[in-house]
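To start, the structure under review is shown below, and the notes come after it.
The values are calculated or read from the model by the stated rules, or taken from the named source; none is laboratory data. Please read all numbers here as calculations on a predicted model, not as lab measurements. Backbone-built Cβ (ideal geometry, glycine too); neighbour counts: all protein chains shown. With ligands, DNA and RNA removed, areas are computed over all heavy atoms of the protein, side chains included. Shrake-Rupley method; radii C 1.70, N 1.55, O 1.52, S 1.80 Å.
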Amino acid sequence: MVKAVEWVNGKVRLLDQSKLPHEVSFIDCEDFVMVADAIRSLKIRGAPAIGIASAMGLALAAQQTEVKGVDELKGRLEEVARVFLSTRPTAVNIQWAMQRMLRVVEDGKDLSVDDLKQRLIEEAKAILEEDIEVNRAIGIWGASFIRDGDTVLTHCNAGSLATGGYGTATAPILVAKEQGKNVRVIATETRPVLQGARLTTWELMQAGVDVTLITDNSAGAVMRRGLVDLCIVGTDRTVLNGDVANKIGTYTLAVLARENGIPFYVAAPLSSIDPTIESGELIPIEERPAEEVTTIRGVRIAPEGVKVLNMAFDVTPARYITAIITEKGAFRPRDIRKLFLEGLNISEVRL
Ligand code: MRU
């Protein structure tokens, strides 16, 4: 399995996803600015992966900061965290990762600057390792919803490339396959950046999964023909009332799934759940450059000067979601608040 993000020889190594599937090449980020630019330009993308990359970027910035004391280091790293937070506003994972890294500085006030710098590297590496474990757990819970012979529709890329490894939405598929179930996947191409066509198909084919690519606009017809048994997607931010922000087009798929009586699951590590936001309308939605829509690989396909609205994400209301699959189990969307605010009595609310 190729790694989307790794700490190698004191640098942050990223797989350049903008070149996939044609070319497998890596970028060794020499400083945090390179990491932030790679996140902004989607060389690395996917909510958990950009959380991990920004944590490693912050650790890298710490190594390169000449400071006299811990307070000065903290001030500098808070500035760096603000840069990462400005790169992509919808995925809550960057916020989560920055808070976790800055807590290391806060808790390590009695350490020497050098020891603290080392602690930050260890924390960033731990975030990566834990993410892989979390995805594996999501896979085990999620596989119970996949029957032998099922076809799963997924959107965008919530696979190993979008995470530390294993993926969130893809983990139940991989575990089901390991369990000996015959499972097929339908991947939507996911305009305009084509994460489904370029990335999901590529990584699932490498994993030996039977995957069929469809255009985004054929999803309704494919469901109506009875070709989809369940949908599993990822999330960039899930909030207290169970609303889910994910790649643009997710809402359309969820409504179509309801219309066709197909269960719709969201694979959500707890790091993608934002307990500070009540409802989906309050989630910031990233708008990206018009060129993503008006051009394909540099070739213009729309008239010069046309107005474009390029929302990268949408919000699926909780009522369309069958269950949210986390590393702690699967839950009804309405139970997310109970989990976070009314004390985590997981076994009571687990499906
Ligand atoms: O714009 P992207 O490619 O970062 O969008 C990715 C998605 O929407 C994923 O579904 C989401 O981040 C979950 S990844 C496990």
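Taking the criterion of being assigned to a helix (DSSP H, G or I) and within 26 Å of Arg350 (Cα to Cα), would at least one residue in region 177-188 satisfy it? Show your work before the answer.
Looking only at region 177-188, we keep the residues that are assigned to a helix (DSSP H, G or I), and these are 177-178.
From what is left, the residues that are within 26 Å of Arg350 (Cα to Cα) are 177-178.
The answer is yes, given that some residue of region 177-188 is assigned to a helix (DSSP H, G or I) and within 26 Å of Arg350 (Cα to Cα).
Take Arg136 and decide whether it is within 20 Å of the chain's Cα centre (by Cα) and either basic (Lys, Arg) or away from the ligand (no atom under 13 Å from the Cβ) (or both). I'd like the intermediate steps shown before the answer.
Values: within 20 Å of the chain's Cα centre (by Cα): yes; either basic (Lys, Arg) or away from the ligand (no atom under 13 Å from the Cβ) (or both): yes.
Spelling it out, Arg136 is indeed within 20 Å of the chain's Cα centre (by Cα) and either basic (Lys, Arg) or away from the ligand (no atom under 13 Å from the Cβ) (or both).
Would you check if there is a residue in region 200-222 being open to solvent by less than 50 Å² (accessible area, probe 1.4 Å), in the same structural domain as Thr295 (by TED's automatic domain parsing) and either under 17 Å from Thr90 (Cβ atoms) or near the ligand (Cβ under 10 Å from one of its atoms) (or both)?
yes
Hey, can you tell me all the residues within region 165-195 that are more than 10 Å from the ligand (Cβ to nearest atom), within 20 Å of the chain's Cα centre (by Cα) and among the small types (Gly, Ala, Ser)?
The answer is Gly165, Ala187.
Kindly indicate which of Ile232, Ile248, Ile283, Ile273 is open to solvent by 40 Å² or more (accessible area, probe 1.4 Å) and within 18 Å of the chain's Cα centre (by Cα). Break it down stepwise before answering.
Details: Ile232 fails: open to solvent by 40 Å² or more (accessible area, probe 1.4 Å); Ile283 fails: open to solvent by 40 Å² or more (accessible area, probe 1.4 Å); Ile273 fails: open to solvent by 40 Å² or more (accessible area, probe 1.4 Å).
One residue alone meets the criteria, Ile248.
Scanning region 65-112 for residues that are charged (D, E, K, R) and not in a helix (DSSP H, G or I), which turns out nearest to the chain's Cα centre (by Cα)?
So in region 65-112, the residues charged (D, E, K, R) come out as 66, 68, 71-72, 74, 76, 78-79, 82, 88, 100, 103, 106-107, 109-110.
Subset that is not in a helix (DSSP H, G or I): 66, 68, 88, 109-110.
Details: Glu66: 33, Lys68: 37, Arg88: 12, Lys109: 32, Asp110: 35 Å.
Going through the qualifying residues, I end up with Arg88.
Quick check on region 257-265. Is at least one of its residues closer than 28 Å to Met223 by Cα, assigned by TED's automatic domain parsing to the domain that holds Arg147 and modelled with pLDDT under 95? I'd like the intermediate steps shown before the answer.
Taking region 257-265 and keeping what is closer than 28 Å to Met223 by Cα, we get 257-265.
Still in the running and assigned by TED's automatic domain parsing to the domain that holds Arg147: 257-265.
Remaining after also requiring modelled with pLDDT under 95: none.
No, there is no match, as no residue in region 257-265 is closer than 28 Å to Met223 by Cα, assigned by TED's automatic domain parsing to the domain that holds Arg147 and modelled with pLDDT under 95.
Is it the case, given these coordinates, that Val193 is in the same structural domain as Lys247 (by TED's automatic domain parsing), crowded, with 22+ Cβ neighbours inside 10 Å and either at pLDDT below 95 or not in a strand (DSSP E or B) (or both)? Before the answer, list the steps.
Numbers: in the same structural domain as Lys247 (by TED's automatic domain parsing): yes; crowded, with 22+ Cβ neighbours inside 10 Å: yes; either at pLDDT below 95 or not in a strand (DSSP E or B) (or both): yes.
Criteria met by Val193.
Within the bounds of region 40-60, is there any residue that is at pLDDT 95 or above, over 20 Å from the mean Cα position of the chain (by Cα) and not charged (D, E, K, R)? Steps first, answer last, please.
If we filter region 40-60 for residues that are at pLDDT 95 or above, which is where we start, we get 40-60.
Add one more test, that the residue is over 20 Å from the mean Cα position of the chain (by Cα), and what stays is 59-60.
Then drop every residue that is not not charged (D, E, K, R), which leaves 59-60.
Scanning region 40-60, I find at least one residue that is at pLDDT 95 or above, over 20 Å from the mean Cα position of the chain (by Cα) and not charged (D, E, K, R), so the answer is yes.
Would you kindly identify the strands (runs of 3 or more DSSP E) lying entirely within region 232-287 that contain at least 1 residues that are within 12 Å of the ligand (Cβ to nearest atom) and among the hydrophobic types (A, V, I, L, M, F, W, C)?
On the way: elements: 237-239, 244-247, 264-267.
Hits in region 232-287: 244-247, 264-267.
Conditions tested, residue by residue: (1) within 15 Å of the ligand (Cβ to nearest atom); (2) acidic (Asp, Glu); (3) surrounded by 18 or more Cβ atoms within 10 Å (Cβ to Cβ).
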position	(1), (2), (3)
Gly10	no, no, no
Val24	no, no, no
Leu42	yes, no, yes
Arg45	yes, no, yes
Ala59	no, no, yes
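Among the residues in region 311-334, are any within 16 Å of the ligand (Cβ to nearest atom), open to solvent by 50 Å² or more (accessible area, probe 1.4 Å) and closer than 25 Å to Arg100 by Cβ?
No, because not a single residue in region 311-334 is within 16 Å of the ligand (Cβ to nearest atom), open to solvent by 50 Å² or more (accessible area, probe 1.4 Å) and closer than 25 Å to Arg100 by Cβ.
Hey, can you tell me all the residues within region 148-173 that are surrounded by fewer than 24 Cβ atoms within 10 Å (Cβ to Cβ) and either of a type in the set (S, T, N, Q) or assigned to a helix (DSSP H, G or I) (or both)?
Result: Thr151, single match.
(1) open to solvent by 80 Å² or more (accessible area, probe 1.4 Å); (2) modelled with pLDDT of 95 or more: which one isn't true of Lys109, the others all being true?
All conditions pass for Lys109, except number (2).
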